[in-house]
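Contents: one structure, followed by commentary.
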Protein chains: 2
Amino acid sequence: MKTLDVKSLDFKKGNGLIPVVIQDFKSKEVLMVAYTNEEALRKTLQTGYAHYWSRSRNKLWKKGETSGNVQKVKNILVDCDYDTLLFLVEQKGNACHTGEKTCFHNKLLEADRLRKL
Amino acid sequence: MKTLDVKSLDFKKGNGLIPVVIQDFKSKEVLMVAYTNEEALRKTLQTGYAHYWSRSRNKLWKKGETSGNVQKVKNILVDCDYDTLLFLVEQKGNACHTGEKTCFHNKLLEADRLRKL
């Protein structure tokens, strides 16, 4: 496992934004996908709590700032292209704003037949 | 868990592309992140093997088409905004083109201090 710093990340490819996969560090469930920029990432590293960049509201936000469902970040991994991050987190409450445990709570209808292949 | 079809997905937000988190269905390891469009998704559903859209080569590709490290897709979940997918796969060989098991094989240096927070 190689170690690299924030300055090595490729923020350019996504116009300043990098997608982040957020995974529960214990259950290994994938909770959500969000976006970060250098500012949000530094805020995450400083505070220990996940901060992201909202593409719709065009602002930095702390996950759980209104709901209280914060994410304590235990570790951060970087992919082979340095353009995607994986946050291992301790999730307080539910991750999804709909009240579901994870954001991936819908099934794709057409995927049903995959089981028969 | 709600069920929805391919036509309900929000391909518009990402100019025709949707990010996909790929997770090993047994170990629950996050293997990689890739992008799909409607064509690549339909090809995945037809064949049972993961196909993606390459943003750098601007073409549809089958994961493992040259390396043999294909991904048999067991299930597909959709997030709350219908703009991100989660593929649960059976990975043949290693997922990363570098030969590593997963693409997330680098540590972020500054994340070391998170353990002390």
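I need the full set of residues from region B:15-30 which are at the interface with chain A (Cβ under 10 Å from one of its Cβ atoms) and touching a residue at least 24 places away in the same chain (Cβ under 8 Å), in order please.
Initially, region B:15-30 is screened for residues at the interface with chain A (Cβ under 10 Å from one of its Cβ atoms), giving B:19-24, B:27-30.
Scanning region B:15-30 gives B:Pro19, B:Val20, B:Val21, B:Ile22, B:Gln23, B:Asp24, B:Glu29, B:Val30.
Of all residues in region B:85-108, one or more are at pLDDT 95 or above, away from every other protein chain (no Cβ under 13 Å) and buried (at least 18 other Cβ atoms within 10 Å of the Cβ). What do you reckon, is B:Leu114 open to solvent by 30 Å² or more (accessible area, probe 1.4 Å), facing chain A (nearest Cβ under 7 Å) and more than 30 Å from A:Arg115 (Cα to Cα)? No; evaluated as a whole, the condition is false for this residue.
Consider region A:55-79 and keep the residues that are β-branched (Val, Ile, Thr) and either within 14 Å of chain B (Cβ to nearest Cβ) or touching a strand residue (DSSP E or B) at 6+ places or on another chain (Cβ under 9 Å) (or both). The one that is farthest from B:Leu117 (Cα to Cα) is A:Val78. Among the numbered conditions (1) of a type outside the set (A, V, I, L, M); (2) open to solvent by 30 Å² or more (accessible area, probe 1.4 Å); (3) not in a helix (DSSP H, G or I), the only one that A:Gln46 does not meet is (3). Filter region B:8-40 down to residues that are closer than 25 Å to B:Gly99 by Cα and not in a strand (DSSP E or B) and give me whichever is least open to solvent (accessible area, probe 1.4 Å). Out of the qualifying residues, it is B:Ala40. Looking only at region B:60-71, count how many residues are open to solvent by less than 60 Å² (accessible area, probe 1.4 Å) and assigned to a strand (DSSP E or B). Number of matching residues: 3. Among the residues of region A:77-90, is any touching a helix residue (DSSP H, G or I) at 6+ places or on another chain (Cβ under 9 Å) and aromatic (Phe, Trp, Tyr)? Yes; the residues of region A:77-90 include at least one that is touching a helix residue (DSSP H, G or I) at 6+ places or on another chain (Cβ under 9 Å) and aromatic (Phe, Trp, Tyr).
The values are calculated or read from the model by the stated rules, or taken from the named source; none is laboratory data. Keep in mind that this is a model prediction, so the values were computed, not measured. Glycine also receives a Cβ, built like all others from the backbone with ideal geometry; neighbour counts cover every protein chain displayed. Surface accessibility is based on the protein's heavy atoms, side chains included, excluding ligands, DNA and RNA. Shrake-Rupley method; radii C 1.70, N 1.55, O 1.52, S 1.80 Å.
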